[in-house]
Every structure is written in C-alpha cells, then in structure tokens.
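Report on the structure given below.
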Amino acid sequence: MISKKYFENVGLGSILEKVLDGERLSIEDGHILYNCADINALGALASIARRKLHGNKAFYVLNRHINYTNICINGCKFCAYARKRGEEGSFHLSKNEILEKLRNAPVSPREIHVVGGCHPDIPLSFFEETFIEVKKEFPKATLKCFTVVEIANFANIEKTTTLEILKRLQAVGVEMLTGGGAEIFASETRNKICPKKIDAETWLKIHGEAHSLGFSTNCTMLYGHVESIADRLDHLDRLRKQQDISGGYNCFIPLPFLTENSKLKIDNPLTGLDELRTIAISRLMLDNIPHIKAYWVMLTVKQAQAALHYGADDFDGTVVEEIIGHMAGASSDQAISRKDLEEMIIGCGFVPVERDAAFNEIS
Ligand code: V47
Ligand code: SF4
C-alpha cells in the first residue's frame, strides 16, 4: 500500500483526496496525471478507484465476434481492415455464414458482438432477418451489434433517422451497441484521421438516442496516433458529460492504435507504459462509467493482465475470431478459452467472474 506521503511527494496529494472522496477530477487534474512520471503511483490511484467499484473481481464473458463485412465507404486513414467493394480481400458474410460461425463457436456465446465496415448498400432487412434467426438458435445470447457509425450508415441507406434504425434493431432483439467509431472527438484531429466519419456530436447524439430507448452501450477511444494529451482528456470529458445526461454507458475500452498496414504514419508509436498510463487515467476520469476493458486482442494478454492493476476490471472474452485488430498487426491469438481466461486473471491476483454482456454476474 502506497502511503499518503508518497502521493504528496509525486505531486498527486490533492488528486488522492479527490479519489478517496469520490470527487470528479478536472481536466487540469488529468494533465497532472499525464505529467506524473511515477507510473506506480498512477496504477495505485487507479486501483483505489477500481477496487471501490469492483473489489478484487475481474470480469470475462463467453463471446463470439462476427465481422460481417470489411467493405467500407469511410476510408479512415488509420484503418487496416477496410476494403473497397471489389477490391482483393474484400468480403461480406451471408446469413448462413454468420449462423455457421456461431454454431461452430467452441462454447455457446453469451454475447454476440457484430461489427463491420460501412457497406454502401446492405439493407437493414438483411440484419433483421439474420438476427431473428440468431435469437431463435441462441436465445440466451445478448446481441451487441454495430457501432453508431454503422447505425448512421444504415439511416442513410434506408433514408430514415438513426432513432428509427435503433427501434427496428431493438424489435429484432438487439440489446446493446458496441463502443467503436469514437476514435478521438476533437474535430481538428478527427478530421486528420477519419474525415468522412460522423463527427463527435453525432456519435454522442446517437448513443444518447440508444440510451433513451433502453439500449446499453459501450464507448471507446483510439489513442496513440496524432492526437494530443489535451485531445484524450477532452474525449474522456465528453464521454462522462454524455453519461451524466443519458446514463447508458456500461464499459469504456481504450484502444491503442496498432500501426501495421495503416496509411496513417506516426513518429512515436505507443509504449507499454503509455498504454498503462492511459488505462489508469481513463479509470480515474470516467467516474460515472462502471467498467474499463483491458481488450486483450489489441493489448496482448500480458499487457491486459498488467492493465488489471492499472484500473481495468474487464478482460473481455473468448472472442473466437477477430479481424480488425489483426489486420493492423495485433499479435494476440484469435481466441482464448474460458480456462485460460480464468487462469490469467487468477495469475495476476484477481478473482475471475463470468459475466453476461450487460455485466450481470453468472454464478
Ligand atoms: O471502431 C480500427 C478501432 C474499433 C484500428 O464495444 C483500431 O465491447 C487500433 O470498437 N488500431 C473496433 N484500433 C473495435 C471496438 C471494440 C472492440 C472490443 C470490444 C468493443 C465493445 C468494441 O477498432 C474501431 C476503431 O476504433 N480500430 N483500426 C487500429 N489500427
Ligand atoms: Fe470503415 Fe470502421 Fe475502418 Fe473507418 S474504422 S474505414 S468506418 S471499417
């Protein structure tokens, strides 16, 4: 246990007081945290916040990712996954291919995570028909589908509103949205890395709409590219303000930028310590979002284990197949078994707790 004196000596005395009192940290506090060279102190502070919420538990889920298409009209500069229609390596899955992938998952999934590119013309009826069948075959699984960027794309294709799209998806059993597509909200930086993507206000607005309909959603931040520390803190601040208003975010996932095959060239790739620092600061700034995910696919399993000591409480899940991160150079495996997830969590001193998609504990 690090003493109060220790935090004072590294310039974090007043932030420690706020964390202990459950007081919101300011953006200025965020800068102080980023400027603190003592990574152990950051980890200890984030662990105080994490343990207040979740004690010694670390969550995992039996899930299956489905990336249904990589055809995308957005052309984000950082993305190594997307292809143009007809380009070599482009794909989209049929309803039967999606069902087959689910049937062949090593364990019956509790959470089905569906995301893809912004395809120019797959009609929403394709997903409605597919999800009706998926729910028939996998009634216990929660459908966690699409980023709000895809929701906006469907609204364009169907010439309707995003609210209407959300209602149609809800009617066929979709209960959650994924957190992708947030990237970085600050407009100048966002325009450099994904100029065609919906802007921050629209991204937040659609999450607000989803929350008003009773969806719970996740949220992300892509970091380690051309953004500044001020951009990161602005991003976290906008998420917590949205959460104050609409309250439906379950989990935040900081996504470290993976550089392989990306058109976005950067001078200083992230270090492992940068990743831990950002995870810790996310935990401390996002006082109203219950969970922070250590997404092992992008972090590697070893770093995800370390992240549990830097504020993260969720290890994500079995995943089974993932393309977005692997196209960008993720060196992790495609899948992890329940046994391995549990052993990894125990191995770094936490108690593994299986959860469903909404973070209800499964005994
Ligand atoms: O939206 C794309 C990001 C996201 C790269 O909600 C990249 O539970 C790093 O959002 N390096 C998709 N990241 C993944 C995602 C996600 C993952 C796991 C769980 C959840 C959840 C959501 O991946 C994209 C984009 O932000 N991304 N390219 C890259 N080169
Ligand atoms: Fe398309 Fe998503 Fe890749 Fe952007 S990040 S190009 S929206 S698949």
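What follows draws every value from the coordinates through simple rules; no lab data is involved. Since we're looking at a predicted model, the values are computed, not measured. Cβ atoms come from the backbone with ideal geometry, glycine included; neighbour counts cover every protein chain shown.
Values computed for the structure shown
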read-out: Amide N of the stretch 29-54 lying under 18 Å from the label point, which is placed 7 angstrom from the Cα of Val351 along Cα→Cβ; value: 48-54
read-out: Karplus (6.51, -1.76, 1.60) ³J(HN,Hα), θ = phi - 60°, over the stretch 327-340, in Hz, Gly and Pro reported as x; value: 5, 9, x, 4, 9, 6, 5, 7, 9, 10, 7, 4, 4, 5
read-out: GNM top mover of Leu258, Leu20, Leu239 - the chain, alpha-carbon springs below 10 Å; value: Leu20
read-out: Label-point gap, in nm, between Thr271 and Leu213 - each point 7 angstrom along Cα→Cβ; value: 4.5 nm
read-out: Size descriptor, Kirkwood hydrodynamic radius, that averages inverse alpha-carbon separations across the stretch 20-163, Å; value: 18.7 Å
read-out: The chain: relative contact order as a whole-number percent, Cα under 8 Å and 6+ apart; value: 23 percent
read-out: Under 5 Å, built H, 5+ apart or other chain: amide partners of Ile66; value: His113, Val114, Val115
read-out: Nearest-0.05 FRET efficiency for Glu88 and Glu361, computed from C-beta distance (R0 41 Å); value: 0.35
read-out: Listed peptides 62-68, 123-129 by packing density, highest first (mean Cβ within 10 Å); value: 62-68, 123-129
read-out: Size descriptor, Kirkwood hydrodynamic radius, that averages inverse alpha-carbon separations across the stretch 129-212, Å; value: 13.7 Å
read-out: Computed label-point distance, nm, for sites Lys167 and Lys302 using a 7 Å Cα→Cβ extension; value: 5.2 nm
read-out: Segment Glu100-Arg338, extension gain: residue separation times 0.36 nm, minus the distance between their alpha carbons; value: 83.6 nm
read-out: Where N is the number of residues in the chain, Cα Rg divided by 2.2 N^0.38 Å; value: 0.95
read-out: Structure-based [θ]222 nm, the chain - -39500 (n - 2.57) summed over DSSP H runs of at least 4, per residue, nearest 500; value: -13000 deg cm²/dmol
read-out: Candidates Cys76, Cys36, Cys145, ranked by Gaussian network fluctuation over the chain, Cα under 10 Å, top entry; value: Cys36
